[in-house]
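Take a look at the structure set out below.
The values are calculated or read from the model by the stated rules, or taken from the named source; none is laboratory data. Remember, predicted model here, so these are calculated numbers, not experimental data. Cβ sites come from the backbone with ideal geometry, for glycine too, and all protein chains shown count toward neighbours.
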Amino acid sequence: MTEDPVAHLWRGTVALRIVTFLFALGNAAVHHNTYARPWLAWTVIGVMAAWSVFTIQAYSRESGRRPWVVSADLAVACGLMSLSQLIMTDTQFLANVPLITTIWACGPAVAAGALGGQVAGGLSGLVVGLSTYLNRGTLTVDLVRDVVLLAGAGLVVGMASSTARRAAVRLAQALRAEAATAERERLARSIHDGVLQVLARVRKRGVELGGEAAELAELAGEQEVALRSLVAAAPAESTVDGDADLRPALQLLATPKVQVSTPATRVMLPAATAFELTSVVREALSNVDKHAPGAKAWVLLEDLGEEVVLSVRDDGPGIPEGRLASAEAEGRLGVAKSIRGRVEALRGTLELQTGPGEGTEWEVRVYR
């Protein structure tokens with residue numbers, strides 16, 4: 001089981017809890033004789049000690065780092081802080097003596113940041129700051145400074161937490177991709193040394209024999225090309241944001257009659273967009289197979305930065321003028337829905353170039 005990527009932040013939270021409790025203990029010892037209710041002050045210190053032990057144990061293991069624990073931590077800190085009005089004298093409030101919890105109360109803001117990110121950390125810091133203001137009763141420069149520090153501490157720890165989690169996810173993806181690539185290369189060597197060589201031999205010998213053997217040779221050739229495309233295709237990749245590389249899905253569409261050309265570098269798009277574009281190409285190639293048997297097709301993918309351009313071209317007889325409109329009127333909606341509808345849903349543009357004897361070319365542009 002892998003370690004929590006923000007475990008170091010939790011260890012820091014535990015250390016902070018210990019240090020701040022010792023500071024609160026020292027503060028109570030210094031002002032013991034001037035408190036209005038010393039017995040209540042030491043009772044609060046005792047509760048703080050017990051709660052510190054509980055939170056230290058909880059935050060030290062992954063199973064204890066739960067929202068309800070952090071929420072309870074925040075409630076306990078604010079609740080104990082509110083007892084300062086019963087413990088401290090008016091003179092101590094006027095002299096700006098630290099509240100009974102002192103800086104021990106900053107622990108929940110840091111814990112919230114480690115657990116929930118910058119928003120949770122910042123809001124928890126503001127809650128502790130608001131509690132401090134309500135107990136002080138006056139707005140001073142020192143109080144504003146404390147609120148800013150509390151909110152800032154939670155925010156900074158939260159940002160570090162979010163960054164660490166994203167980095168951990170990206171590292172895990174990179175390691176999986178590296179392992180998949182290594183395994184793919186191993187399988188590719190095995191396939192090349194075995195299956196592909198056999199298929200190539202069958203294709204060559206079938207052509208030499210002719211007749212029915214030639215048909216088997218053609219089938220073997222098709223499977224050889226398909227298998228080579230599968231081996232050569234880039235492994236599917238996705239990111240923490242849900243993006244996916246468009247190239248692998250397109251490369252798998254290559255056949256002896258379909259040539260696919262893609263950039264050497266990744267073409268990252270939202271996974272749903274990549275799926276829809278692949279479906280558009282598959283439908284266009286299906287139309288070539290239905291209406292122009294024997295025609296060859298070319299698929300070209302271009303990454304222009306702000307937009308992705310996908311072209312599907314064939315050398316068939318082309319589409320007669322008015323044919324698409326009549327097909328749609330007859331209820332055959334392959335082009336209207338599977339191609340044009342998908343592109344419109346992606347807010348892209350679709351251009352068709354065709355004519356009798358000129359073949360057909362679809363060009364799809366999708367903007368990032």
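For this structure, a couple of remarks:
- Cross-chain or 6+ apart pairs with Cβ under 7 Å, segment 166-187 first and of a type in the set (Lys, Arg), then outside any helix (DSSP H, G or I): ARG166/VAL240; ARG170/VAL240; ARG184/PRO235
- Only one entry in GLY107, GLY26 is assigned to a helix (DSSP H, G or I) and either within 36 Å of the chain's Cα centre (by Cα) or hydroxyl-bearing (Ser, Thr, Tyr) (or both), namely GLY107.
- Just one residue in the set GLY46, GLY64 is closer than 19 Å to GLY117 by Cα, surrounded by fewer than 19 Cβ atoms within 10 Å (Cβ to Cβ), free of Cβ contacts under 8 Å to residues at least 40 places away in the same chain and not charged (D, E, K, R); that residue is GLY64.
- Yes/no for ALA234 being under 30 Å from PHE275 (Cβ atoms), in a loop (DSSP other than H, G, I, E, B) and either at pLDDT 70 or above or within 41 Å of the chain's Cα centre (by Cα) (or both): yes
- Test: residue in segment 141-148 that is more than 22 Å from CYS78 (Cβ to Cβ), loosely packed, with under 14 Cβ neighbours inside 10 Å and in contact (Cβ under 8 Å) with a residue 24 or more places away in the chain: no
- Considering residues of segment 20-38 that are touching a residue at least 40 places away in the same chain (Cβ under 8 Å) and polar (S, T, N, Q) only, the residue surrounded by the fewest Cβ atoms within 10 Å (Cβ to Cβ): THR34
- Pairs meeting the criteria (first residue in segment 87-98 and within 12 Å of PRO38 (Cβ to Cβ), second residue part of a helix (DSSP H, G or I), beta carbons under 6 Å, at least 6 apart or on different chains) are ILE87/LEU40; ILE87/ALA41.
Conditions (1) at pLDDT 90 or above; (2) in contact with a Ser or Thr (Cβ under 8 Å, 6 or more places away or on another chain), marked per residue:
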site: ALA271; (1), (2): no, yes
site: ALA274; (1), (2): yes, no
site: SER286; (1), (2): no, no
site: LYS290; (1), (2): no, no
site: GLU306; (1), (2): yes, no
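- Hits in segment 242-280 - residues which are touching a residue at least 60 places away in the same chain (Cβ under 8 Å) and β-branched (Val, Ile, Thr): THR273, VAL280
- Out of ASP90, ASP73, one residue alone is buried (at least 17 other Cβ atoms within 10 Å of the Cβ) and either in the same structural domain as ALA109 (by TED's automatic domain parsing) or aliphatic (A, V, I, L, M) (or both). It is ASP73.
- From VAL14, VAL70, VAL19, residue being in contact with a Phe, Trp or Tyr (Cβ under 7 Å, 6 or more places away or on another chain), in a helix (DSSP H, G or I) and closer than 30 Å to ALA164 by Cα: VAL14
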